[in-house]
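A short write-up of the structure that comes next.
Values in this text are rule-based calculations from the coordinates and carry no lab data. Note that the structure is a prediction, hence the values are computed from the model and not measured. Every residue, glycine as well, gets a Cβ built from its backbone with ideal geometry; the counts of neighbours run over all protein chains shown.
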Amino acid sequence: MRSLIADAAREKLDAARPRLPRPRAASPRWDAVVVGAGFAGAVMAERMAADGGKRVLVLDRRPHVAGNAHDRTDAAGILVHDYGPHIFHTNSEDVFAYLSRFTDWRPYEHRVLAEVKGKLVPMPINRTTLNLLYGLDLTTDEEAAAFLASRAEPVARVETSEDVVVSAIGRELYELFFRGYTRKQWGLDPSELDRSVTARVPTRTSVDDRYFTDTFQAMPAEGYTRMFERMLDHPNIEVRTGVDFKEVQHSLQWDHLVYTGPIDEYFGHRYGKLPYRSLVFRHETLDQEQALPTGTVNHPDEATPFTRVSEFKHLTGQVHPRTSVVYEHPSPRATPTIRSLGRKTARCSIAIWRWRQRRPTSASSDGWRAIATTTWIRWSVRHSRHGGG
Ligand SMILES: Cc1cc2nc3c(=O)[nH]c(=O)nc-3n(C[C@H](O)[C@H](O)[C@H](O)COP(=O)(O)OP(=O)(O)OC[C@H]3O[C@@H](n4cnc5c(N)ncnc54)[C@H](O)[C@@H]3O)c2cc1C
């Protein structure tokens, strides 16, 4: 009883005592600060911590690890890649063995079709592509090579990317597969790009329709994010997401800095801004089991506003009665995350919500937010082009 009264008295005294700010713990000096939790940053952090015994602080301004390879389960329960489809491929046994410490794999070879002249044909161009497009029956590599050679147009001096492609496979295939796609993707005509940009035209005379030909091709069995989480799960590593290095660098001390962000930003743009090209990802969930015949379908024609659409279940092997796809819309702007554009898209969202009341469709909420984002970008680009707000 006495102790209860004493406790109560102590609590009263405590409550009456003025609250002083707690003395702040001195910020520790890190052996290394790593900016970015994508492939470059996470591997550096893991190696320094596990192999070098260093104490490492990893910062990422996005709200997650894994950088551009980040994946997550969407509202429908389907594993999707926020920043477009990522397929793991390498010829390095060391790289594959290293990553295998953090994940099991699902064997997967990516295949891409291109919609050209109303047909779906393999991309990169191969013998099947030529047979389907031209109604041919080329049966050997030699026949396909001879056909391509017959279409190729000699170019006196190969200076631009257009020259590279036209001189290898001719103007028609160049225009069907490369011109529109490049103009959409880079905002430049191939005739404005140096020849080094398209140093090699990926055409095949065989019927190999794999997009990559690397020795190791696979997908992390539980997804990329899980693999990165395991990589960064080390007692010597502290991860802080949603933290921009620019905003905290003055309060940090380190011996080594690993910076994997945009290099012009690192120098505070004092040498100018690099001309980045960006993509807006429009995610959609559809009320059907399968949407595409392959993981990705390219749309090289300029009239289609997106460059490609990908269906994640092909990549992940997930079984689900619905399916999620992502459309890639090239954009001249810095990559707008859906989050950072949230407020700006609000106006578009209201208009889209009203339209949605009239036309029920099956896009997920992420899909709708992305459509709002895309709409906002189109709107803002149009306005900035016209000198408006
Ligand atoms: C649409 C698309 C598809 C792709 N498909 C494939 C594929 O199929 N296979 C493949 O191998 N590769 C693919 N890639 C390439 C792959 O995404 C990159 O090679 C890889 O992500 C590079 O890793 P990184 O760590 O260098 O950069 P990132 O993954 O971009 O990571 C850098 C991280 O740094 C963070 N950061 C930057 N600045 C700061 C700062 N100031 N403070 C805090 N954090 C900061 C960023 O938020 C980011 O998370 C694709 C890329 C794109 C865009």
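Taking amide hydrogens as placed 1.01 Å from N in the peptide plane, the amide H of S278 sits under 5 Å from those of S331, R333, each at least 5 positions away in sequence or on another chain. 3J(HN,Hα) along segment 282-298, derived from phi through the Karplus expression 6.51 cos²θ - 1.76 cosθ + 1.60 where θ = phi - 60°, amounts to 9, 8, 9, 10, 10, 7, 8, 6, 9, 10, 10, x, 9, x, 9, 10, 8 Hz, with x in place of Gly and Pro. With all pairs of separate Cα atoms included, segment 24-181 yields a Kirkwood hydrodynamic radius of 20.5 Å.
Placing +1 on the Cβ of every Lys and Arg and -1 on the Cβ of every Asp and Glu, with no other charges, gives segment 123-198 a dipole of roughly 200 debye about its Cα centre.
Here's how it looks for R106: its modeled amide H is under 5 Å from those of M219, A221, which are all 5 or more places away or on a different chain. 3J(HN,Hα) couplings calculated from phi for segment 103-108 with the Karplus curve 6.51 cos²θ - 1.76 cosθ + 1.60 (θ = phi - 60°) are, in sequence order, 7, 8, 10, 10, x, 7 Hz; Gly and Pro show x.
How about segment 147-239: which chymotrypsin sites (Phe, Trp or Tyr not before Pro) there are in a DSSP loop, with at most 12 other Cβ atoms within 10 Å of their Cβ? Those that pass, being in a loop and sparsely packed, number zero.
Given the C-alpha centroids of segment 270-290 and segment 45-122, what is the distance between them in whole angstrom? That distance is 16 Å.
In this structure, the amide hydrogen of F212, modeled 1.01 Å from its nitrogen in the peptide plane, lies closer than 5 angstrom to those of H110, counting only residues at least 5 positions away or on a different chain. Rounded to the nearest 20, the size of the Cβ-charge dipole of segment 24-71 about its Cα centre is 280 debye, with Lys and Arg at +1 and Asp and Glu at -1. Across the options A156, A97, A144, the greatest Cα extent toward the positive end of the charge dipole of segment 97-183 (unit charges at beta carbon of Lys, Arg, Asp, Glu) belongs to A97.
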